[in-house]
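This report concerns only the one structure given below.
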There are 4 protein chains.
Amino acid sequence: VTEAWPGLSGRFRNGAHVLPVRVYYEDTDAGGVVYHARYLAFCERGRSDCLRLLGISQSELGDLAFVVRRLACDFLKPARLDDLLEIETRFGDLAGARLELDQQALLGGMPVFRARVTIALIDRQGRPKRLPQEMTARFQASMESGFVTKL
Amino acid sequence: VTEAWPGLSGRFRNGAHVLPVRVYYEDTDAGGVVYHARYLAFCERGRSDCLRLLGISQSELGDLAFVVRRLACDFLKPARLDDLLEIETRFGDLAGARLELDQQALLGGMPVFRARVTIALIDRQGRPKRLPQEMTARFQASMESGFVTKL
Amino acid sequence: VTEAWPGLSGRFRNGAHVLPVRVYYEDTDAGGVVYHARYLAFCERGRSDCLRLLGISQSELGDLAFVVRRLACDFLKPARLDDLLEIETRFGDLAGARLELDQQALLGGMPVFRARVTIALIDRQGRPKRLPQEMTARFQASMESGFVTKL
Amino acid sequence: VTEAWPGLSGRFRNGAHVLPVRVYYEDTDAGGVVYHARYLAFCERGRSDCLRLLGISQSELGDLAFVVRRLACDFLKPARLDDLLEIETRFGDLAGARLELDQQALLGGMPVFRARVTIALIDRQGRPKRLPQEMTARFQASMESGFVTKL
């Protein structure tokens, strides 16, 4: 099924992962704009699909899971029903137990939302874990290939 | 902490469970009204809190879980930001693996949403399970006490 | 930007509109499966994008809006994180103020959710309105062209 | 109806507004914990109800609306299904067009989420507006009465 929908998980562009996100009714509020917390979900989609394209499936991480530890974000401009956003994700160093990312939502090429996100890999007991070597290797490879540019 | 917030899980009234639900921005859409899928979440809150008041905690069901199997609902009137809804839940027979409920959202005492919901108890493999005897007993007791009236 | 992401709004296939929907963390619940109310949002995305491909933009309807009046649905099987669903939408007659649709969510070609949805076109005061002639004409054209098959 | 549910909009305690928030299935994800973006919605409920208790109804602000401009938050510990959270809201100075707040989610009295939020009052065109004098007066009065303590 996946092959029938190319681009569904976004693509790499200029060293960043880019995911298109359409604004539907579910994303808006009575103010007529995108509800602020939806941008966090959009960014999570971007991170998930970036990992997917790098060959890392979150549902196959077993007892490990990525969680958001810290978030600093700016809401720059409103987006509205039917708008087509692009979520840009740029990764920092993936070696340790923590990972910094820069993400933004673009509307017509202009940023409307910007976030600095810190995620961690944890086990079922919530203890921080280092990235498995295989995962680190895939990140290295994708950086060397130029798909991903380090922050 | 629970004792500090009486009424948080609603209460029984005229044989039905009633839960108050405030409409916040997150529940509305660009049409200025409550987004239709939110009523399903409101009803799920009602079911959860009704079970809670009957002494059944879903997070303590172990390998068992209640799932929605079937749903038929009518959206009668719109509700809006700041509205205070009451979710009314009436249970049918709880003996087998399936359970029918009637739920409605009231605004100022008038129904704005109505649903007939069929839920089932399943195990981790998705197989239907009969209700544990202890649970059935609690339902019986609450019906005999008049808290809950059978549909 | 739209041209950069072909297929983002789905496509017509065998007389139905088909929209791919990836399951992200936001769509799942502690039961490890897609939260039941999310299927309603997925179906609303399907309807919106079907209209979009027919040239009808909901944000340009002015004082008119489509609302869900009635819904009957079956939850057949669970879907999980990372699953790729396809939302299939089939329209009935679009002439009057009400419109019946059949929608389903497919996983690997098998239905996991099925809904019969009744929507209505209303004005700001909530009064039912007949579809504008231009809209009806577009539906007719798409049906004659075979893109859309009447239920 | 409101009188029937005392405490529904929380209350003031030690100079802060406190709102109880129950964790339902809709708030959790496949990781078994509260989905991170839900805390933002919980905090928005806290702000709305704090304003409500101060006599400020957002649906009566006319052409004005509060929007989130900036957010910095820490996710300290996970919360789970059935947990009862308390959302604490503390206001800074409300005189200008911007307002700083400190919010946190407490579980059993311990913080699990903490946020510094900057909100602004804007008109329909998105232009920042100063708080209406009447609103400022209410804030002053509540601070003098000791209900609200300035950050």
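The values are calculated or read from the model by the stated rules, or taken from the named source; none is laboratory data. Keep in mind it's a predicted model, so treat the numbers as computed, not measured. Glycine gets a Cβ as well: all are built from the backbone with ideal geometry, and neighbour counts include every protein chain shown. We work out accessible area using only protein heavy atoms, side chains counted, and drop any ligands, DNA or RNA first. Shrake-Rupley method; radii C 1.70, N 1.55, O 1.52, S 1.80 Å.
Brief remarks on what is shown
- Scope the range A:118-135; condition of a type in the set (Val, Ile, Thr) and over 17 Å from the mean Cα position of the chain (by Cα); matching residues: A:ILE122
- Going through (1) over 30 Å from C:ARG114 (Cβ atoms); (2) touching a Phe, Trp or Tyr at 6+ places or on another chain (Cβ under 7 Å); (3) within 9 Å of another protein chain (Cβ to nearest Cβ) one by one, B:PHE12 falls short only on (3).
- Members of the range B:77-97 found to be of a type outside the set (Val, Ile, Thr) and crowded, with 16+ Cβ neighbours inside 10 Å, listed by number: B:PRO78, B:ALA79, B:LEU81, B:ASP82, B:ASP83, B:LEU84, B:LEU85, B:GLU86, B:GLU88, B:ARG90, B:PHE91, B:LEU94
- Scan of the range D:56-76 for residues that are open to solvent by 40 Å² or more (accessible area, probe 1.4 Å), small (Gly, Ala, Ser) and more than 9 Å from chain B (Cβ to nearest Cβ), ordered by number: D:GLY62, D:ALA72
- Only one of the numbered conditions (1) within 11 Å of another protein chain (Cβ to nearest Cβ); (2) at pLDDT below 95; (3) outside any strand (DSSP E or B); (4) more than 14 Å from D:VAL18 (Cβ to Cβ) is violated by D:ALA120, and that is (3).
- Residue that is farthest from the other protein chains (Cβ to nearest Cβ), among those in the range A:15-33 that are open to solvent by 20 Å² or more (accessible area, probe 1.4 Å) and within 22 Å of D:ALA120 (Cβ to Cβ): A:VAL33
- In this entry, D:GLY146 is excluded by the filter for residues that are within 26 Å of B:PRO6 (Cα to Cα) and either modelled with pLDDT of 95 or more or touching a strand residue (DSSP E or B) at 6+ places or on another chain (Cβ under 6 Å) (or both).
- Residue-level check: of (1) more than 7 Å from every other protein chain (Cβ to nearest Cβ); (2) within 30 Å of C:SER57 (Cα to Cα), A:LEU51 misses just (2).
- Residues in the range C:1-20 that are of a type in the set (A, V, I, L, M, F, W, C) and either at pLDDT below 95 or over 26 Å from B:ASP74 (Cα atoms) (or both): C:VAL1, C:ALA4, C:TRP5, C:LEU8, C:PHE12, C:ALA16.
- Residues that are part of a helix (DSSP H, G or I) and not polar (S, T, N, Q), drawn from the range B:123-151: B:GLU134, B:MET135, B:ALA137, B:ARG138, B:PHE139, B:ALA141, B:MET143, B:GLU144
- When the range D:34-55 is limited to residues that are farther than 16 Å from A:HIS36 by Cα and open to solvent by less than 30 Å² (accessible area, probe 1.4 Å), the one that is modelled with the lowest pLDDT turns out to be D:LEU54.
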